[in-house]
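Have a look at the structure below before the remarks.
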Amino acid sequence: MTAENNARERLGEFDYVIVGAGSAGCVLANRLSEDTSVSVCLLEAGGIDKDPLIHAPMGFAFFPESSPVNWRFDTVPQKHLNNRVCYQPRGRVLGGSSSINAMIYIRGAHADYDRWASEGADGWDWDGVLPYFMKSEDNQRGSDNYHSVGGPLSVSDLRYRNPLSDVFLKAAAELQLPDCNDFNGAGQEGMGYYQVTQREGRRCSTAVAYLNPAKERSNLTVVTGAYAERVMFDARRANGVQFREMGAPKSVAAKREVILSGGAFQSPQMLMLSGIGPGEHLREHGLDVVFDAPGVGANLQDHLDYPALYKTSSGDSVGLNFGTVKKFFPSFFAYKTRREGLFTSNLAECGGFVKTDPTEAEPDIQLHFIPGLVDDHGRKKHLGGGITCHACVLRPKSRGSVKLASNDPQAAPAIDPNFLADQDDLHRLIKGARIMDRILAAPAFDGVKGASLYLEEPASDAALTEDIRNRSDTIYHPVGTCRMGRDEKAVTDPQLRVNGVSGLRVVDASVMPFVVSGNTNAPTIMIAEKAADMIKGAD
C-alpha cells in the first residue's frame, strides 16, 4: 500500500475537498466557491449528467436496470421480509439521487426538526432550518411565510396531471379526507398534488440548480469518474482524500476540510475505510483504527413502502399498453417543442399524508399514487394498464445499520435496514394499507379499478401481512448513519464535524437523527445550505 501511495498522482491542494456530487455535494460546491479567496475540489464517482433520460422528468422511469447512473445497491437478507434481498437504488452521476428521483419536493413536518433539536441537534429546530429551505427555493407560486423566490432550486407545480390522478383525489374527497394545497406550508395533513423540483418542464437536480451556475468558476474543480477510497490523516487531522480516476491511483490534499457527502450508505463506509468507526469491526477487516466511533453506520432508518397494484382498462394508464403507445409521439412532440404534456409528469403526481388514528399529533402515513403499474421498482413488467398506490410509515421505529462487507473501497457496503424489526411499524403499515384500500374502493374508482395483481379481496389481516412481507421495500429515503448530536454515540456534532478528529465533516442525509416525515431530497439540500454557512462562519 505504501508503494502505491507513493506512486499516486497528486491532483493538488485545495481549501476544501468534497466527496460526492449529489444532493448535498453540489450545494456545497456552489456555496463554498462563492468566496473567490478559497479553492474547492468536488469528487464524483459517476459521470456527467448528460443522459437525456435524466432531464426529461418522466425519463427516470425508463432507465435500464444496468444504467451507469445508478449504484444499484442491495440489502442483506431482511429477516422480517421473508429473508428477501431488497433493492437500494442511489444516484451515481452529477446531482446524485436528485438526478434519478421522482422530484417530489417535501420538507417534512415542523415537529421533525424540533425533535432533532430536543435530541441534541442544537440549532436544527424548525425555526432554525426554515430560513435555509427558503434560501434554496425558487417557488413558482411566489413567496409567503413559508416559501421564497430567487433561490437556485426551482420548485413548481406539475405541468401535466394525469386524469387518473384526479380520480384518486376525487376518491379521497369522497372519504372526506381533507385537501392540502401546500404540503410544505403550515401543516402536512391532507391529499393533493405534489410540487416538484422542475424548471420549465425539465428536472431541476442539484447539478442543474447549483453546480451548473458555478462550474466555470476558476476556484472550483470538478472531477468525475473519481472513486474515493479513503480520507488521509496527519495524526487525527484530515488532510486529503485518496481516490481512483479511471483506475489510476490519485490523491488530493485539503488545507482546511474534507467534507463527505456520499449519502447514508457511502459516507459511513468512507469513514470506516478511513479508520473511523466501530473499532472491533474495523480490525476484523484489517483496518487501522484512527478513532473508535461505535455510532458510525448505526441508526439506519428508511421508509418502508407497501404498493397496491390493480389492473385498469383506462387509456390514461401509463405503461405497456395501447393508450401509452397511442399518446407517445404526440406527447414527445409536445415535450420537445413546448416542454408540456405527459413527459413532464413525475408519475407520482399526487398523494398525501394521513393519520392512522385521529389521536396522532402528526400524520404517520404518506401515500403516493401512480397512474401505472410500478412493480418491484419497475423491474417487473406487466402488459396492459394499471394503477399503483404506495403507503409508507413516516416515522419508523426500526433501526438498521451499514457495515463494511470488505476492506475493498470498491465493494458495496453491507446494508441492513432491518425493516419491520419493530412491530409498531408493521401495525401502522397495515392501518395505512387499509386506508389506501378504502380510497381505491371509493365510488370514483367504479369502472376504473380492475383486479388486484396480488391480493384477493377482501384480504384478511394475515394475508395482508404476508403480502407486506413478500413485496414491501424502500421508497428511497435512507438516513441517519452518521447521526449528529451531543451524546457519546453521535458521529457528528451539530456543526456536522466528525467527532474524535479534526478537519472532517459529513454533510448529507446520514447526519439526520431521525428520518423526516416525507421525501428526503429537500431536507438534504437544506442541510447543505445550513452547513455551508457553518463552514464559512468557522473560517
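Readers should treat all values here as calculations from the given coordinates under stated rules, not as data from a laboratory. All of these numbers come straight from a predicted model, not from anything done at the bench. Positions of Cβ are backbone-derived with ideal geometry, glycine not excepted, and every protein chain shown enters the neighbour counts.
Some notes on this structure:
- Overall form of the stretch 357-463 per C-alpha gyration tensor (a/c, 1.5; a/b vs b/c): oblate
- Spin-label model distance (nm) - S218 vs F333, 7 Å beyond Cα toward Cβ: 5.0
- Residue-count net charge about T324 - beta-carbon cut-off 13 Å; Lys, Arg +1, Asp, Glu -1: +2
- Net charge dipole size for the stretch 428-535 [Lys, Arg +1 and Asp, Glu -1 on Cβ; Debye, nearest 20]: 320
- Per-residue extension of 0.36 nm, minus the Cα-Cα distance of A463 and A186, leaves a gain of 95.9 nm for this segment.
- Sorting D49, D125, D473 by the number of Cβ atoms found within 10 Å of their own Cβ, with the fewest placed first, yields D125, D473, D49.
- Taking a ≥ b ≥ c as the square roots of the eigenvalues of the Cα gyration tensor, an a/c ratio below 1.5 marks the stretch 1-158 as rounded.
- Ascending count of other beta-carbon atoms within 10 Å, so fewest first, for H477, H55, H147: H55, H147, H477
- Listed pairs K326/K380; K50/K79; K50/K381; K327/K381; K355/K397 exceeding 28 Å between Cα atoms: K50/K79
- Phi-based couplings in Hz for the stretch 91-103 (Karplus 6.51, -1.76, 1.60; Gly and Pro marked x): x, 10, 5, 4, x, x, 5, 5, 8, 10, 8, 8, 6
- Net length gained if the chain between E488 and A248 were fully extended (0.36 nm per residue, minus Cα distance): 82.6 nm
- Between the beta carbons of K397 and A451, assuming R0 = 41 Å, the FRET efficiency works out to 0.75 to the nearest 0.05.
- Computed extension gain for V289 through A173, at 0.36 nm per residue and net of the alpha carbon distance, reaches 36.0 nm.
- Ordering 316-328, 27-39, 504-516, 259-271 by mean Cβ neighbour count within 10 Å, with the highest value first, yields 259-271, 504-516, 27-39, 316-328.
- Value of relative contact order over the stretch 71-159, rounded to a whole percent, pairs C-alpha under 8 Å and six or more apart: 14
- Theoretical FRET efficiency, 1/(1+(r/R0)^6), r = Cβ-Cβ of K50 and D234, R0 56 Å, to 0.05: 0.90
- What the phi angles of the stretch 467-483 give under the Karplus curve with 6.51, -1.76 and 1.60, with θ = phi - 60°, is a coupling list of 5, 4, 5, 7, 10, 5, 6, 5, 10, 6, 10, x, 8, x, 7, 10, 3 Hz, glycine and proline written as x.
- Computed from label points 7 Å out along Cα-Cβ, the spacing between V149 and R72 is 4.4 nm.
- When only Cα pairs below 8 angstrom with a gap of at least 6 residues are kept, the stretch 324-386 shows a relative contact order of 21 percent.
- Axis of helix 521-538 versus longest Cα principal axis of the chain: the two differ by about 30°, to the nearest ten degrees.
- Using Cβ point charges alone (K and R +1, D and E -1), the dipole size of the stretch 63-163 about the Cα centre works out to roughly 620 debye.
- Dipole axis of the chain (+1 Lys, Arg; -1 Asp, Glu on Cβ), positive-most option in A414, L94, F168: L94
- For the stretch 116-264, the Cα gyration tensor yields ellipsoid semi-axes of 40, 21, 16 Å (square root of five times each eigenvalue, largest first, whole Å).
- Mean Cα-pair separation over length for the chain, i.e. relative contact order, pairs under 8 Å, 6 or more apart, %: 22
- For L164, the shell of other residues with beta-carbons less than 11 Å away shows a net charge of 0, using +1 for Lys and Arg and -1 for Asp and Glu.
- For K255, the lysines whose Cα falls under 24 Å of its own Cα, not counting residues fewer than eight places away in the same chain, are K215, K530, K536.
- Burial ordering of H382, H390, fewest other beta-carbon atoms within 10 Å first: H382, H390
- Rounded to the nearest 10 degrees, the angle from helix 322-338 to the longest Cα principal axis of the chain is 50 degrees.
- With Cα atoms, 0 to 90° folded angle of helix 423-440 axis to the chain main axis: 40
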